[in-house]
Every structure is written in structure tokens, then in C-alpha cells.
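What follows is a short report on a single structure.
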């Protein structure tokens, strides 16, 4: 089973190189060390990532999968609640299993039992599991004590949100990954004129990239202001 078999695709920019680490340097270093070790030596390890919305948890899981290629599988559990626990069948055959938003299935007995079985299979095969959630394992509300105990053995990292300076640097890094020059003053303008979560900011940057390509313009404050005014919904 792979990402494509699940009708999923990884973010094209969901790589470690496009993640601004800020206060998450230890986490990024740990994940890169795991992915460097995985293809060469059997490991029975992993990581639990937790944090608020749009802090970069999914980005990091995508980055793990990108580094390992076909040796990894990414599964956003919030999209497969209705599919049932059978969606987990066969995942342990991959070197790395990345389970995004595991809290979506917490409290569902059949899913918890299937997750526990999957973790046992991964351990037997000396694989790697990386999990994301909004809280630490002990605070997620698992009903199956054995599952919580097994997941609590993973190294736990909180994904720290970016401060304003970090958001500016993250935007500039994302722009440079796309071959764009985003001046510091333009990045700060974006932060002050739009929603401040990184998902919204990255989406706006995608729009600005397309508009700049069409207009053959640089990302100056006047051009960005012009585009944003066009995007504003009409007042009634």
C-alpha cells in the first residue's frame, strides 16, 4: 500500500529543506536522523509529534515520507474514520508508517485495537512509526490502556508555533523554494494584512506566485496590496 494507492499525494514542498525550524531544531534533527538510519539498519523507533493547528506537523510527516520514498506510507486518519480500521491493514510492510491526526480515531474501539495490532507488527518488523496529534499521548483520551502505553514509549516532541520573526523567515524560505524573492518588508506586510496561521499564509503565497508569474511582477508591497484588494470579497 502506498500514498497513491490511497488516492493521496504528498505536499510537493513538504520537505525538511522547506521547514523553518525556529524552536523545533531538536525535533527536525531527530527526524532527519531517523530517516537517515531507516534505509540502512533495522530500527524499532519513531516519534510522537503534537501541537496546535497549522504548526507544521503534517509538513514534517510528509518530509519523513519524502526522504524514505516507497519505504514509507502517509495516512491522514481524519480522512478515513468512515473507512474503518481495515485501512490500516498491510501498512506494517513499509519501513516507516506516518499516521497524521491520530486523535481523529481515539475512542473508537475497533480503531484502537487495530492501531495496537499495527504497532505490534511494526515493532516485530523493526520499523518506524511517526504519529501526529493535538496533544501528548497521555492527554489524548485513549480507551485502550495498552495502546496508550505503547505510544507513550515513543519520544514525544511538541511542535512549537512560530513567532512573528519565525513566520517572516518561514515565508521567505517557502518563497525561495519556489524561486521567488520575497523582501523582508513584503513578508511583514503579508503578516499584518492577512490571517497569521502558516496554512493561510502559504496559501496566499501560492496565489501571489501565480499572479506574479502572470503579471511578470516582483513581490513588492504595492503589487501584493493590489492582488489582495482584488481577492477581498465585495462588501454589500
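The values are calculated or read from the model by the stated rules, or taken from the named source; none is laboratory data. Quantities reported herein were computed from a predicted structural model and do not represent experimental measurements. Using ideal geometry, Cβ is built from the backbone for each residue, glycine included, and neighbour counts are taken over all protein chains shown.
Structure data summary
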item: Residue satisfying condition, being surrounded by fewer than 18 Cβ atoms within 10 Å (Cβ to Cβ) and assigned by TED's automatic domain parsing to the domain that holds residue 209, within set 174, 143, 193, 138; result: 193
item: Residue list for the stretch 201-224, restricted to those being free of Cβ contacts under 8 Å to residues at least 40 places away in the same chain and not in a helix (DSSP H, G or I); result: 216, 217, 218, 220
item: The stretch 171-200, residues that are outside any helix (DSSP H, G or I), within 16 Å of residue 18 (Cα to Cα) and without any contact (Cβ under 8 Å) to a residue 60 or more places away in the chain; result: 179, 180, 181, 182
item: Every residue from the stretch 157-170 that is in contact with a helix residue (DSSP H, G or I) (Cβ under 7 Å, 6 or more places away or on another chain) and either outside any loop (DSSP other than H, G, I, E, B) or farther than 22 Å from residue 180 by Cα (or both); result: 157, 159, 160, 164, 166, 167, 168, 170
item: Single match in 74, 111 (criterion: in contact (Cβ under 8 Å) with a residue 60 or more places away in the chain, assigned by TED's automatic domain parsing to the domain that holds residue 33 and on the phi < 0 side of the Ramachandran plot); result: 74
item: Any hit, the stretch 91-105, residues being surrounded by 13 or more Cβ atoms within 10 Å (Cβ to Cβ), modelled with pLDDT under 95, at positive phi and not in a loop (DSSP other than H, G, I, E, B); result: no
item: Output for the stretch 133-156, where each listed residue is assigned to a loop (DSSP other than H, G, I, E, B) and either in contact with a helix residue (DSSP H, G or I) (Cβ under 7 Å, 6 or more places away or on another chain) or touching a residue at least 24 places away in the same chain (Cβ under 8 Å) (or both); result: 134, 135, 136, 140, 141, 142, 143, 144, 154, 155
item: Subset of the stretch 71-90 [within 17 Å of residue 34 (Cβ to Cβ) and more than 14 Å from the chain's Cα centre (by Cα)]; result: 71, 72
item: Qualifying residue in the stretch 7-14 (condition: closer than 20 Å to residue 94 by Cβ, touching a helix residue (DSSP H, G or I) at 6+ places or on another chain (Cβ under 7 Å), modelled with pLDDT of 90 or more and surrounded by fewer than 18 Cβ atoms within 10 Å (Cβ to Cβ)); result: no
